[in-house]
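The values are calculated or read from the model by the stated rules, or taken from the named source; none is laboratory data. Since we're looking at a predicted model, the values are computed, not measured. Note: ideal-geometry Cβ built from the backbone for every residue, glycine included; neighbour counts use all protein chains shown. Note: areas computed on protein heavy atoms with side chains; ligands, DNA, RNA excluded. Shrake-Rupley method; radii C 1.70, N 1.55, O 1.52, S 1.80 Å.
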Amino acid sequence: MALRNFLTRNLLLNKCPLRISQRLSHFTFVPDTVSASEGETQRMNLFQAINNSLDLALSSDPTAIIFGEDVAFGGVFRCTVGLQEKHGKSRVFNTPLCEQGIAGFGIGAATAGATAIAEIQFADYILPAFDQICNEAAKYRYRSGGLYDCGSLTIRAPCSAVGHGALYHSQSPEAFFAHCPGLKVVVPRGPIKAKGLLLSCIRDKNPCLFFEPKILYRSAVEQVPVKEYTMPLSKADILVEGDDITLVGWGTQVHVLREVCQLAKDQLNVSCELIDLVTILPWDKETIAQVGNLNIMAFLSFSLLQKKFLKWETLAI
Amino acid sequence: MFSVTLRCLGRQVHQQNKSLAPLFTYSKNGLNTEATFDTKPFKLHKLEEGPATTVTLSRQDALKYYKDMQMIRRMETAAGNLYKEKIIRGFCHLYSGQEACCVGMRASMRSYDAVITAYRAHGWTYIMGVDAVGVLAELTGRSTGCARGKGGSMHMYVKNFYGGNGIVGAQQPLGAGIALALKYQGTDGVCLTLYGDGAANQGQLYEAMNMAQLWKLPVIFICENNGYGMGTSVDRASASTAYYTRGDYVPGIWVDGMDVLAVREATRFAIDHCATGKGPMVMEVVTYRYSGHSMSDPGTSYRSRDEIQEVRQTRDPITGFRERMLSTDLATADELKDIDQNVRQVIDDAVKRAKSDKEIGLDELTADIMSNPIDTRVRGVTAFDTLTHKRIGPAVNS
């Protein structure tokens, strides 16, 4: 109890005796590694890994199409570079400036049999498409009694803070969609995860939202396996083992939390467990339910409290 | 002796100008007090008659428009330089090349008309009454900026100017709403709602146009068509590039946006239409931007440098206007040079202020979030970190 009080009052950044010399927006990207059994790897950053994943999707699925604003020349973040040249103008094409239209168009194409991969140029602009995503895409299978679905729809969008984006180029809207049954919401932390997760989303039989932390596009570099591979959705990753407290995050924050774990260990002698949630919806209940001492996000807390109310000291933030 | 007599005579005449105006049209400098020009013909949609193509320009107005356009051009150049020096961060969309649009429209607006536009808003902010310091200091985030530095490039405001909006097309229904309010207020005020050629494909524009036509709202939907939506040319984005007809049942006018007089005339016509209760109107002003979409875009990957040069040399709004003034003796070259010098001085001083003025304090981080919060505690970075909400000054629209 004393430990919990100490942590909750002092671990949190500004009241803490920890000396944090960097600015709060700084973080160090920590690359994942893969074992040698994964085969040949290539140095790729996040947008190259996503580009690779999209290329594999288009090569393996003749019904796959990619569309969005400015995707033809490669996209404002270069995620779709070379794809139009390789796969043709009928499969990789630009749309006009109309997010609601792009989402609705994608739902229609997916319902009729295409593997539709839509790009929303910045996650901040996904809000006009909110109705289409939550009311049309998410509920299609349910309301038609299983007769129709738009499961082959994937919507990708760059998200999160980049330092100079301010109101409309920095938003992290995953929480808005996290309460919408019927959707899957995924946020990768690096290139290796992104390539596998994106391919999984594209092939998943449910409409998926794939939010890519834009600050990682260039700064996140890993040795990514060149082969085609997928990664399981709804599976959280335990990145750092620990006993005293658990930190749960996703996307860019995973790397910030890694630093926090290290600082806590060095300066407070506290052992932190770090979990990357990876899939926000549906989230990995098994992995999270097993943790002991949890510092948890609000929307997770109610259902977990239902399961294990008496066992924890939880702090909903 | 004779020349002195003539000069005295001229001065006397000038003072009694009303009765003797038909005889002497020269002011004492040997310059004209007004001149007449022809504009390019307007194209009309669902209108029997349009704005006049023969316009009269007074010397006083000419000097004002010239100065305003030069101020905007210089201010935007200064903003571009400040951005390159990394003193302005974030996003910065420049209006260079499009000056005739805002100057021409403002010339026909009454003091109680409203304007709302998208993110290419610096020129509009200036013409609606914020001085160069207010604009540049806002860009550099200082307290002397028009929004105390909190808004930045895309969020500049002043009375009757509703911004400055970042999301493409989001301002279109807002414009219809402002027009409704103006109608209810009983003035014959009109709302000028501006958007670009890219935003012309947003669904909400057609929702707003429908409401405006249905309820006869005094709103002018103005498409500032500069040929490119970011990097996409109009032909590759729009099934119909005749933006002035896209209102379908809403009457429309096509205007040469590089001619400040044509813009002024068309706006006068449109305001008259809306202010007399005939409902909305669409205006397409065809213009051009010299810089890229924003400072992150060089602007040359989707169009040739030759194209940009060609517009600069043949259709530049300021050069064209200057030639008109000089060829009809509305002003002398020296006068215009003086204006240029003055503009340069004002902008240089404004840049100095924008670099040196203070920023607001951190206490403003949690200011003006809500109107009357029951609980003035605002959560900080952590659950135990509370900041205090405060309200700063009355709103412009309160």
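The figures follow:
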| read-out | value |
| --- | --- |
| Residues whose placed amide H lies under 5 Å from that of B:Glu34, excluding near-sequence neighbours | B:Arg59 |
| Accessible area of B:Met295 in the full protein assembly, 1.4 Å probe (Å², nearest 10) | 50 |
| Largest-first principal axis extents of the Cα set of segment A:2-225 (Å) | 59, 42, 35 |
| Radius, Kirkwood style, for the protein assembly as shown when every pair of distinct Cα atoms is counted (Å) | 28.7 |
| Heavy-atom surface of segment A:23-163, accessible at 1.4 Å and reported per residue (Å²) | 44 |
| Pairwise centroid distance, computed over Cα atoms, of segment B:310-342 with segment A:175-191, Å | 57 |
| Simple Cβ-charge dipole of the protein assembly as shown, Lys/Arg +1 and Asp/Glu -1, about Cα centre, in debye nearest 20 | 1060 |
| Amide H partners (placed H, <5 Å) of A:Leu153, local residues excluded | A:Ala116, A:Cys208 |
| Per residue solvent-accessible surface (Å²) - chain B, probe of 1.4 Å | 47 |
| Those lysines that a straight Cα-Cα span of less than 29 Å connects to B:Lys352, excepting residues fewer than 8 apart in one chain | B:Lys64, B:Lys67, B:Lys84, B:Lys86, B:Lys150, B:Lys159, B:Lys337 |
| Net charge dipole size for chain B [Lys, Arg +1 and Asp, Glu -1 on Cβ; Debye, nearest 20] | 700 |
| Hz values of 3J(HN,Hα) by residue in segment A:56-61 - Karplus curve (6.51, -1.76, 1.60), Gly and Pro given as x | 5, 5, 5, 6, 8, 10 |
| Average Cα contact separation per residue, segment B:41-356, under 8 Å, 6 or more apart, as relative contact order % | 24 |
| Cα gyration tensor, segment B:41-356 - rounded (a/c under 1.5), prolate or oblate | rounded |
